[in-house]
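K.L.:
Here's a structure for you.
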Amino acid sequence: MDELLLIEAVERYLKGEMSPKERTFFEEIRKNNPSVDQMVVEHTFLLHELDKHAGIKAYKHSLNEVESKLTDEGLISRSQLKGKARVVFLWKKYKRSITVAASIAGIISIATAGLIVAYTKKVTDSNKEDLVAIIDTKIKDGIRSRQPSKTLPVPPTPDYRATGFLIDGKGFIVTNAHVVNRMKTIYVQNNKGEYFTAVSIYTDPNTDLAILKINDTAFRSVSNLPYSIKKANSNLGEQIFTLGYPRNEIVYGQGYVSAKSGNEGDSTAYQLSVSVNPGNSGGPVLNRNGEIIGIITSKNRTADGVVFAAKSKNIYKLLEALKKGGDTVTIKLPTNAGLKGLDREQQVEKMEEFVFMVVGN
Amino acid sequence: MIFIPGSGKGNPSFLRFFFLSFGLQISNKRINIYQVNTFEQEKQLLEGLALNDRAVIEAIYRDNYPMVQAFILNNNGNTDEARDIFQETMIVLFEKAVSGSFELNCQLKTYIYSVCRRLWLKRLQQLQRYHNPVENGEETVSVEEELEVHEKHNTDFSIMENALARIGEPCKSLLDAYYIQKKSMQDIASDFGYTNADNAKTQKYKCLLRLKKLFFAQYKNGQ
C-alpha cells in the first residue's frame with residue numbers, strides 16, 4: 001500500500017499537480033532518499049517507453065493500411081508468383097538447401113527413432129509443469145520478517161516453496177517427490193508462521209509422493225487430525241477444494257475431478273480442473289466430506305485448467321513400501337470425519353493449521 | 001513481375017537490363033520531382049511522419065517503394081520480403097522523426113535506399129543467401145549508427161510488448177485508457193465498471209506496478 005501511495009506521489013510530481021510547498025517537500029525527499037529518486041527516474045522512463053510503444057503500434061497500423069491500399073492500386077506487387085513458374089523458381093533457388101535438409105532429416109529421424117526406443121520410459125512430458133515456486137529475494141525477506149522471534153531455527157534464505165500436509169499428528173507430512181528432490185535442507189512452516197526442520201524419510205518417484213518427518217524438538221504433536229484419507233477412487237465431477245502456498249500465505253482453490261486418470265493415462269493420478277500455481281505442489285485435495293482424495297502434483301503447461309493430482313490411495317501404498325523397507329516408524333493415518341457436514345469456510349478454517357508450507361534450498 | 005521457367009537467377013542480361021531501365025526511368029522521374037521537392041518540403045514530410053499522418057506515409061511509399069522493391073527482387077528476394085524491409089525502413093524513419101533530432105543531410109530517397117539496402121543485405125546474411133549485391137546505381141550513405149539505435153528500439157518494443165501481454169486484462173486496457181488515450185479516471189471507472197474513480201485509480205497503480213516489475217526484470221536482463 002505504501003508503494004501505491006509513493007507511486008501516486010511520483011505521478012503527481014511528474015505531472016506538476018503538486019502545490020509548491022508539497023513540491024519542495026517532495027524534492028527534499030528525493031534528494032535525501034536515493035530509492036525515491038530512482039523510482040522517479042524509473043517511472044518517467046517507463047511512461048516514456050509506454051508512450052513510445054503505443055506510438056509505434058499506431059504507426060505500424062497506419063503502415064499496414066497504406067500498404068493494403070497501395071496493393072489494391074497495384075503499386076505494390078501482390079505476393080509471390082503463381083503456378084508452375086513459381087515452383088520451378090523456388091526449386092532452383094532452394095535446390096541445395098533442400099538436398100542438405102533432406103539428408104539431415106534422414107539422419108535425425110533415424111537417430112531420434114533410436115533414442116525414443118532407448119529412452120521412452122525415462123522421458124517426461126515436457127508439457128507437464130511441476131508446481132514448485134521459486135522464491136525471489138523480496139519474498140525471502142518477507143518470510144523471515146513474519147517469523148516469530150521465539151521459534152528456531154532461522155532458515156537460511158529458501159529457494160523453493162511448495163505445500164505439504166500432516167498425515168499423522170506426530171509430525172509426518174506428505175508432499176511431492178519433486179519438491180523434496182530440489183531441496184537439500186527442508187523446513188516446514190505452519191499457518192502461525194512457526195518453522196520446523198524436517199527430513200525426507202521416503203520418496204516415490206513413480207507416484208511423485210514423499211513423506212517428511214518433522215525432527216524439530218520445538219514441534220508439539222497434534223491429535224485429532226479432522227480429515228481422513230480416502231482409499232477408494234473418486235467419481236468424475238466430484239467437487240473438490242485445495243489449500244496451498246503459491247504465495248507466502250495460504251490460498252484456497254476449488255474445482256472438480258475432470259478425469260479419472262492423470263497425465264498420459266497415468267492411473268495413479270486424477271485430472272482436476274482447479275486453479276493452481278507454482279507453490280501448490282504437495283497440497284491436499286479434499287472432497288466436500290473432508291476426505292483427502294489426492295495430492296496436487298503438476299499441471300499442463302499448454303492446456304488451461306488441466307491439473308494433475310496423485311490419488312490418495314497411493315499414500316497407503318507408500319506406507320506399505322516403507323514398512324517393507326524395514327523402517328521402524330509407525331504412521332497411523334487419520335480416519336476422522338471431523339469436516340463432514342460443515343460449511344466450506346469452517347472446513348477450511350479447521351484444515352488450515354494442518355497444511356504446511358514446505359520451503360528449502 | 002513474371003519469372004519465366006528456367007530464368008531464376010539465370011538470364012541475368014535480360015533481368016539486369018529490365019531493372020536497370022526500370023530504375024533509370026524512376027530516377028529520371030525522381031529528378032523532376034526533386035527539383036520541386038525542396039529541402040523544406042522533405043522536412044515537412046518528416047514532421048508529418050512523426051504525427052503519424054497517413055497521407056505523408058502514402059506519399060513516401062509512392063515515391064520510394066518501387067525503387068526498393070526493384071533492388072530486393074534483383075538481390076535474391078521476393079515481394080513479401082520487399083514489403084517487410086520497406087516497413088522496417090519506415091519504422092526507422094519514424095523513430096528518427098519522432099526523436100526530433102533528425103537532420104537529413106542527404107535526399108530522403110538516398111536515406112531510404114541506404115537503410116533498405118543495409119537491412120536487406122543483413123537479412124540475406126542471416127538467411128545465408130548472401131551474394132555480391134547487384135546495385136541499382138543509386139548513391140548510398142552510411143547508416144550503421146542509425147540501425148544500431150533501431151535494433152535497440154526494436155528490443156525495447158518487444159520487451160514492452162511482452163510485459164503488456166503478461167499483465168493481462170483488464171490491466172492492459174486500463175493502462176492504455178489512462179496513459180495512452182489520456183481518459184479521465186471518472187470515465188475509466190464507468191467504462192470498466194468500477195464503483196468509483198478511487199477504486200479504478202488504485203487498480204491502475206497496481207497494474208502499473210506489475211508492468212514496471214515485468215518490464216524492468218526483462219529490461220535489466222537485456223542490458
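K.L.:
I want the local charge near B:Cys171. Using Cβ-Cβ distances under 10 Å, sum +1 for each Lys or Arg and -1 for each Asp or Glu among the other residues.
P.N.:
Every neighbour counted, the sum reads +3.
K.L.:
Which whole number gives the average, over all residues in B:157-165, of C-beta atoms from other chains lying within 10 Å of the residue C-beta?
P.N.:
Per residue, the number of nearby Cβ atoms from other chains is 3 on average.
K.L.:
In addition: Give a quick list of trypsin sites (Lys or Arg not before Pro) in the stretch A:262-348 that DSSP marks as loop, anything other than H, G, I, E or B, with at most 13 other Cβ atoms within 10 Å.
P.N.:
Listed in order of number, the matching sites are A:Arg301, A:Lys332.
K.L.:
For helix A:2-15, what angle does its Cα long axis make with the longest principal axis of chain A, in degrees from 0 to 90 and rounded to 10?
P.N.:
Taking Cα atoms only, the helix is inclined about 20 degrees.
K.L.:
Okay, moving on. Among the trypsin sites (Lys or Arg not before Pro) within the stretch A:27-59, which fall in a DSSP loop and have no more than 15 other Cβ atoms within 10 Å of their own Cβ?
P.N.:
none
K.L.:
Roughly how crowded by other chains is peptide A:66-77, in terms of the mean Cβ count from those chains within 10 Å of each of its Cβ atoms?
P.N.:
Across A:66-77, the average partner-chain Cβ count within 10 Å equals 5.
K.L.:
A further question on this structure: Within a Cβ distance under 14 Å of B:Phe215, other residues only, what is the Lys/Arg minus Asp/Glu net charge?
P.N.:
Value of the local net charge: +2.
K.L.:
Go through A:66-74, B:116-124, B:175-183 and give me the packing order, highest mean Cβ count within 10 Å leading.
P.N.:
Top of the packing list down: B:116-124, B:175-183, A:66-74.
K.L.:
Continuing with the same structure: Structure shown: which of A:Lys69/B:Lys172; A:Lys57/B:Lys172; A:Lys299/B:Lys220 lie over 20 Å apart, alpha-carbon to alpha-carbon?
P.N.:
Beyond 20 Å between Cα atoms: A:Lys69/B:Lys172; A:Lys299/B:Lys220.
K.L.:
Using the Karplus curve 6.51 cos²θ - 1.76 cosθ + 1.60 with θ = phi - 60°, what ³J(HN,Hα) values do you get for each residue of the stretch B:66-83, in whole Hz, with x for Gly and Pro?
P.N.:
With coefficients 6.51, -1.76 and 1.60, one gets x, 4, 5, 4, 4, 4, 6, 5, 6, 10, 6, x, 10, 5, 4, 5, 4, 4 Hz.
K.L.:
Over the stretch B:148-222, calculate the relative contact order: mean separation of alpha carbon pairs under 8 Å at least 6 apart, over the residue count, as a percent.
P.N.:
Dividing the mean separation by the residue count of the stretch B:148-222 yields 35 percent.
K.L.:
Over the whole of A:57-64, what's the average partner chain Cβ count within 10 Å per residue? Rounded to a whole number, please.
P.N.:
6
K.L.:
Per 10 Å bin, what percent of the C-alpha pairs of chain A does each bin hold, from zero upward?
P.N.:
Calculated P(r), rounded to whole percents: 5, 18, 20, 16, 15, 15, 9, 3, 0.
Readers should treat all values here as calculations from the given coordinates under stated rules, not as data from a laboratory. Not measured: the values here are computed from a predicted model. Virtual Cβ from ideal backbone geometry, glycine too; neighbours counted across all protein chains shown.
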